[in-house]
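Working notes for the structure below.
A short reminder: the numbers here are calculations on the coordinates, not readings from a lab. Model, not experiment: these values are computed from the prediction. Cβ placement follows ideal geometry from the backbone for every residue including glycine, while neighbour counts extend to all protein chains displayed.
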């Protein structure tokens, strides 16, 4: 699996209400209540945290539980 495919899968898991993909020109896109276009996965994630704050909080909660379990 390529890094791009892995990042796309992670973003789709974090934001299940959004269709996340990279177009044929390398532009990262998320389609949900609005269309977001970004030049990188990091920029797309920044935009998604603003556009979908509830999904962001949910994802942060899920991942903090995973990190806590791994630490014990």
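Here is a yes/no grid of residues against (1) touching a strand residue (DSSP E or B) at 6+ places or on another chain (Cβ under 9 Å); (2) without any contact (Cβ under 8 Å) to a residue 12 or more places away in the chain; (3) crowded, with 16+ Cβ neighbours inside 10 Å:
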position	(1), (2), (3)
8	yes, no, yes
18	yes, no, yes
24	no, yes, no
41	yes, no, yes
55	no, no, yes
59	no, no, yes
In the stretch 26-39, anything surrounded by 12 or more Cβ atoms within 10 Å (Cβ to Cβ) and either touching a residue at least 24 places away in the same chain (Cβ under 8 Å) or not in a loop (DSSP other than H, G, I, E, B) (or both) is listed as 28, 29, 30, 31, 36, 37, 38
